[in-house]
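Colleague: For reference, the structure I am asking about is given below.
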């Protein structure tokens, strides 16, 4: 498929019903600067663009889980492939879909007066039938249409909300007493804990250490699924770069404007509850403010925005269902249950798994409270595993046991900290049994870095305590992907000794140029993101300066891209 179609599909998939709710929750709680918890993933995204997209395409695997038996060998690799298929395709996938469905429930309650069960029944039934019948092609092609519907609805909602009589335009909004302390793009240095939590940890630790759907270190998930479906390496790179520009530089501001506007009409949760008394108590949260603002829209625009939210829901859920079922079918059922299964049987298993994934995720969604809750759960549960996904391409010593150790230790540590008294002892918080605030041994912001540190120490130790992969496995992986770099010098040397020709003389190591392009790309996209914000705020001097930075950076990046492109044959 071409880069533009796959790029739009990625953007449509990551724009779901829970995305504006999540952004609204963040802005109302921590201000605009709170979005650094996901803005930091741009670094991960651009590393995928300029370093990993080419490698994924060269691997020629059908799913990113199949990668495990290319990179590793023996029974550990076989176990890892099967377990990760269930772990990511089922467990993590269900958590992500639950967050999306929770947002649909809240929209249904406020905008349509539907009960949670009615929303899950209507939205889930339509989407699961569409996903089961349409397959991957159906998902990608309809994403193309759904993207434009979703964007028009999002921009239209922001324009109307900010011009409501109660708000009176952007100038009045940014000067309103409820909004003025939420506008900063960078968190205040005065609030040390907030500054560390929303800026330092995401930029210093989170982007490379966390596994999160759509922002996996080293690529992966449905992003890898689309890169593997590209025409060639150039189209894979073009698709992911286009996605990152749209996702980070252009799309957040309509949601941010609605979130800021909601602070004028609904300054706290109590005011939302007062306006919408029929909302279930366990679903009350700041993320409801987005749906609450949409009820102010006129009939025609309201219909368009509601259609855009349905489009966002369908595009994301259909992708997750297709992605998850592909893991279940190719990496679990066909690999371990029925190796000689016919295509007809595999399609049937895929459709059954699609239905089951939808049912379970919908059931969990009924138990959740807010969008930020599920975001934090997913981040913490995958903390510390990301560095492996980055290094496994460039360091021969990483083996299957490294990933197994990281996966289990991260999950177990996260569960111990979040679900047992150990979390209170280490990081403090509210003791629900006594209703007293407990002072921990470490500050609350240290929870995430703690999980990352312990997980990293464990998997590095396991790496050196276990045997490396066999030379035949490493030779085959290098010959196919040509990762290059000093981390493979030992393997290349041993290949020469054994008379194996694994190095393609045409291939040039482009990683240093790729990292430079990543840094330059971050400057361009972050500058575009901030310039857009300053134009909206009416701060023209900063907006002009950042716009110039975008233009100069784009020119330099195009020059560097030509150099990188020359290494792709």
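The values are calculated or read from the model by the stated rules, or taken from the named source; none is laboratory data. The structure presented is a predicted model; accordingly, all values stated were derived computationally and were not measured. Virtual Cβ from ideal backbone geometry, glycine too; neighbours counted across all protein chains shown.
Colleague: Out of the residues in segment 545-562 meeting the condition of being in contact (Cβ under 8 Å) with a residue 40 or more places away in the chain and in contact with a helix residue (DSSP H, G or I) (Cβ under 6 Å, 6 or more places away or on another chain), tell me which one is surrounded by the most Cβ atoms within 10 Å (Cβ to Cβ).
Modeller: If we take residues in segment 545-562 being in contact (Cβ under 8 Å) with a residue 40 or more places away in the chain and in contact with a helix residue (DSSP H, G or I) (Cβ under 6 Å, 6 or more places away or on another chain), then 557 is surrounded by the most Cβ atoms within 10 Å (Cβ to Cβ).
Colleague: Looking at segment 419-444, which of its residues are part of a helix (DSSP H, G or I) and at pLDDT 75 or above?
Modeller: Answer for segment 419-444, where residues must be part of a helix (DSSP H, G or I) and at pLDDT 75 or above: 421, 422, 423, 424, 425, 426, 427, 444.
Colleague: Across segment 54-79, which residue is modelled with the highest pLDDT among those that are under 22 Å from the mean Cα position of the chain (by Cα) and part of a helix (DSSP H, G or I)?
Modeller: Here the answer is 68.
Colleague: Now for a different question. Hey, does segment 241-251 have a residue that's farther than 18 Å from residue 532 by Cα and out of contact with any strand residue (DSSP E or B) (no Cβ under 6 Å at 6 or more places or on another chain)?
Modeller: yes
Colleague: Something else: Quick test for you: out of 458, 404, 412, pick the one residue that is over 27 Å from residue 287 (Cβ atoms) and surrounded by fewer than 17 Cβ atoms within 10 Å (Cβ to Cβ).
Modeller: Exactly one residue qualifies, and that residue is 412.
Colleague: Of the numbered conditions (1) touching a helix residue (DSSP H, G or I) at 6+ places or on another chain (Cβ under 8 Å); (2) part of a helix (DSSP H, G or I); (3) surrounded by fewer than 24 Cβ atoms within 10 Å (Cβ to Cβ); (4) at pLDDT below 85, residue 254 fails exactly one; give the number of that condition.
Modeller: (4)
Colleague: Still on this structure: Working carefully through the options 499, 484, 521, 533, find the one that is surrounded by 15 or more Cβ atoms within 10 Å (Cβ to Cβ) and modelled with pLDDT under 90.
Modeller: 484
Colleague: If we scan segment 117-128, do we find a residue that is farther than 28 Å from residue 328 by Cα and surrounded by fewer than 20 Cβ atoms within 10 Å (Cβ to Cβ)?
Modeller: Yes, that holds for at least one residue.
Colleague: Taking helices (runs of 4 or more DSSP H) that do not extend beyond segment 447-544, which have at least 2 residues that are without any contact (Cβ under 8 Å) to a residue 12 or more places away in the chain and under 30 Å from residue 403 (Cα atoms)?
Modeller: Hits in segment 447-544: 447-465, 489-497, 511-537.
Colleague: Can you name the number of the only condition in (1) surrounded by fewer than 16 Cβ atoms within 10 Å (Cβ to Cβ); (2) touching a helix residue (DSSP H, G or I) at 6+ places or on another chain (Cβ under 6 Å) that residue 493 fails?
Modeller: So the condition that residue 493 fails would be (2).
Colleague: Within segment 268-282, can one find any residue that is assigned to a loop (DSSP other than H, G, I, E, B), surrounded by fewer than 21 Cβ atoms within 10 Å (Cβ to Cβ) and in contact with a helix residue (DSSP H, G or I) (Cβ under 6 Å, 6 or more places away or on another chain)?
Modeller: Checked against the condition, which is being assigned to a loop (DSSP other than H, G, I, E, B), surrounded by fewer than 21 Cβ atoms within 10 Å (Cβ to Cβ) and in contact with a helix residue (DSSP H, G or I) (Cβ under 6 Å, 6 or more places away or on another chain), segment 268-282 yields at least one hit.
Colleague: Hey, any hits in segment 304-325 for a residue that's over 23 Å from the mean Cα position of the chain (by Cα), touching a residue at least 40 places away in the same chain (Cβ under 8 Å) and in a loop (DSSP other than H, G, I, E, B)?
Modeller: no
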